[in-house]
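The values are calculated or read from the model by the stated rules, or taken from the named source; none is laboratory data. Since this is a predicted model, take the numbers as computed values, not measurements. Heads up, the Cβs are rebuilt from the backbone with ideal geometry, glycines too, and the neighbour counts pull from every protein chain shown. Protein only, heavy atoms only, side chains kept; ligands, DNA and RNA dropped before computing areas. Shrake-Rupley method; radii C 1.70, N 1.55, O 1.52, S 1.80 Å.
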Amino acid sequence: QEQAMEMLQMWKDRHGLQASVHVMCEVLINVGCKAEAEEVFGQDTVKKVQSHMSDSDSGSDNPDRLLYELAEEVGVNWLELALDAGMRQHEISIIESEARIPEQQAWKMLCQWRAKIGIDFNIDEVRARLKILRQKRHNKLAKYLIFPEMIHDDKNLCGREAELDAMFRQFWGDLGESEMIAQFCLQVINGLGGIGKSAAASKYAALWKQRYGGGVFHFNGESYASLRNSIRQNLRKLGLQCSEGSLMEDNQIFLHHVNSTGNVLLVYDAADDLNLLVNILPSVTAHVHVLVTTRTCGDHPVLARADRITSLGRLPP
């Protein structure tokens with residue numbers, strides 16, 4: 001038993017989370033050391049592990065395949081689930097550095113979770129927790145899918161139906177099924193002051209808000225101060241802690257949340273100084289649509305990134 005304990009301790013030191021009680025016990029059984037396993041882990045644990053091994057050998061669904069399927073279900077919700085499971089920030093950071101695609105991040109998170117708790121890991125229980133988290137987020141976001149400051153008088157929108165339709169097709173394609181995952185897309189609406197840019201953005205958001213399960217977020221881009229206030233307001237409405245540092249730090253916290261949600265629409269309104277947005281706009285991330293309204297036209301890095309620019313002119317009387 002002493003030699004077995006020394007071996008297991010060395011293994012645990014080397015492999016960390018992957019050396020769970022379940023895994024170590026299973027290895028001892030496989031090499032014919034069932035008695036040693038019972039001495040180290042107890043008879044009840046050995047019986048559970050043997051039962052689990054028997055289920056796996058009897059033609060039941062492959063545990064890894066089931067975990068892959070679960071990872072696909074979790075997808076962009078992996079971060080919320082990781083926090084709910086008690087994972088620490090450094091563990092989450094490692095996952096983010098090792099994988100970029102949400103499904104891969106979910107897979108790594110679930111593997112770590114399973115390694116931690118061994119045979120107590122239950123896929124049906126994880127699905128139930130995921131369902132509860134999604135419902136809580138839906139209830140929270142339902143209160144502010146469209147923020148009051150984003151609602152404008154739409155009297156200038158008469159005759160803008162073609163522009164709105166073109167914006168929709170650029171974001172969603174010709175089909176645009178309501179359940180599809182949004183692909184990253186940045187659109188800009190530009191034109192003279194008072195031409196109806198903000199109203200057009202507001203109208204688009206109001207028409208299609210049901211497609212953005214992760215929320216519609218408004219940012220006042222008139223100045224550095226208004227932009228930072230908008231970011232901090234969004235953080236507070238999400239129940240997230242604002243930083244004590246710069247606008248960039250607050251923005252990173254917000255974008256970190258965005259990366260863990262469903263489809264979102266980010267509206268940067270009245271951003272006439274596009275330089276303010278150069279380091280603020282999200283990188284190319286699935287399920288994120290960005291809409292910028294500005295008076296600026298011509299050459300600018302933000303305009304160069306745009307998938308479509310809609311230039312509004314004055315409507316005929």
Taking only segment 293-302 into account, find how many residues are aliphatic (A, V, I, L, M) and more than 26 Å from the chain's Cα centre (by Cα). 0
Sort out which residues of segment 263-309 are in contact with a Leu (Cβ under 9 Å, 6 or more places away or on another chain), assigned to a strand (DSSP E or B) and hydroxyl-bearing (Ser, Thr, Tyr), and write them in order of number. TYR268, THR294
Looking at segment 115-125 only, could you name the residues that are under 17 Å from HIS90 (Cβ atoms) and either open to solvent by 70 Å² or more (accessible area, probe 1.4 Å) or in contact with a strand residue (DSSP E or B) (Cβ under 8 Å, 6 or more places away or on another chain) (or both)? LYS116
What single numbered condition from (1) without any contact (Cβ under 8 Å) to a residue 40 or more places away in the chain; (2) under 20 Å from PHE171 (Cβ atoms); (3) among the polar types (S, T, N, Q) fails to hold for SER246? (2)
Scan of segment 263-275 for residues that are touching a strand residue (DSSP E or B) at 6+ places or on another chain (Cβ under 9 Å), over 24 Å from LEU81 (Cβ atoms) and open to solvent by 10 Å² or more (accessible area, probe 1.4 Å), ordered by number: ASP269, ALA270, ASP272, ASP273
Of everything in segment 160-178 that's at pLDDT below 80 and in contact with a helix residue (DSSP H, G or I) (Cβ under 9 Å, 6 or more places away or on another chain), which residue is nearest to ASN77 (Cα to Cα)? SER178
Working carefully through the options VAL290, VAL284, find the one that is surrounded by 20 or more Cβ atoms within 10 Å (Cβ to Cβ) and either over 26 Å from the mean Cα position of the chain (by Cα) or closer than 30 Å to GLN135 by Cβ (or both). VAL290
When residues of segment 91-110 are limited to those that are more than 16 Å from HIS256 (Cβ to Cβ) and not hydrophobic (A, V, I, L, M, F, W, C), the one nearest to the chain's Cα centre (by Cα): GLU103
Restricting to segment 92-114, and then to whatever is of a type in the set (Lys, Arg) and free of Cβ contacts under 8 Å to residues at least 40 places away in the same chain, can you tell me which residue is surrounded by the most Cβ atoms within 10 Å (Cβ to Cβ)? LYS108
Looking only at segment 48-59, which residues are modelled with pLDDT under 60 and assigned to a helix (DSSP H, G or I)? ASP55, SER56, ASP57
